[in-house]
Amino acid sequence: MKVLVAASFIFLSSQAMSETITDTMPRISSKKVVTILPTGETVLLIKSGKETNGEYAEFEVTLPPGKPGPPLHKHPLQSEHFIAVEGTLTLMADGKKVQLNPNETFTVKPGVTHAFSNETNDTLRWRAIIKPALNFEYLSEETVEAVNRAYPQMPSSYELVYILAQAKGEYYLADKSMFTQKVLWPVKAFWGKITGKVKQVRRRRDA
């Protein structure tokens, strides 16, 4: 299954179950740089939703030369504001290609399908501001941990859909049907939890 970094991933009410947690992976947090192993992408949380009373969350991201970001996706409830810092950031937004050079900005409105990548031979660095913060930090943290735990293998699809289920309605992939994401994935997330296939993913803290 294709996966999100920052920041991804929606669709099941939280379960009142105990969790087995192995807290060995670095977490996305203020003043700590976390590397996503498959791509070499790094993420630094600049401002958390807690610090801004939920108004926004701000990240600084770097992406090595020639590397893609997440697949095409959308945030129905949030905007994402990109600020290029170093290198050229390539965005696909609503089917259109946009390239940002340092100090240039672009805002992806809620519900607009988008993705980003580094198409150059230079390291890319930018800042992303997610408004409102909602559960974007949780999605990013847990997805990165799931990906890094499994590397170099693919992460567990049960873990990924469980992560998405904790932030219902906040993140959808463009290449999957809404029926799959709204109906089938929540069932899979629940089944994965009750059968013990999801052990190392944290529940959302306010769930």
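The values are calculated or read from the model by the stated rules, or taken from the named source; none is laboratory data. Since we're looking at a predicted model, the values are computed, not measured. Positions of Cβ are backbone-derived with ideal geometry, glycine not excepted, and every protein chain shown enters the neighbour counts.
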Every residue in region 58-87 that is assigned to a strand (DSSP E or B) and of a type in the set (G, A, S), please. S79, A84
Listed residues T88, T52, T62; which is modelled with pLDDT of 75 or more, in contact with a Gly (Cβ under 9 Å, 6 or more places away or on another chain) and under 28 Å from G111 (Cβ atoms)? T62
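Quick check on this structure: which one of L173, L160, L184 is surrounded by 15 or more Cβ atoms within 10 Å (Cβ to Cβ) and more than 18 Å from A150 (Cβ to Cβ)? Walk me through it before giving the result.
Details: L160 fails: more than 18 Å from A150 (Cβ to Cβ); L184 fails: surrounded by 15 or more Cβ atoms within 10 Å (Cβ to Cβ).
Just one listed residue meets the conditions, L173.
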Of the conditions (1) in a loop (DSSP other than H, G, I, E, B); (2) in contact with a helix residue (DSSP H, G or I) (Cβ under 6 Å, 6 or more places away or on another chain), Y158 satisfies every one except a single condition; which number is it? (1)
Within region 41-69, residues being crowded, with 16+ Cβ neighbours inside 10 Å and either more than 17 Å from R127 (Cβ to Cβ) or of a type in the set (A, V, I, L, M, F, W, C) (or both) number 8
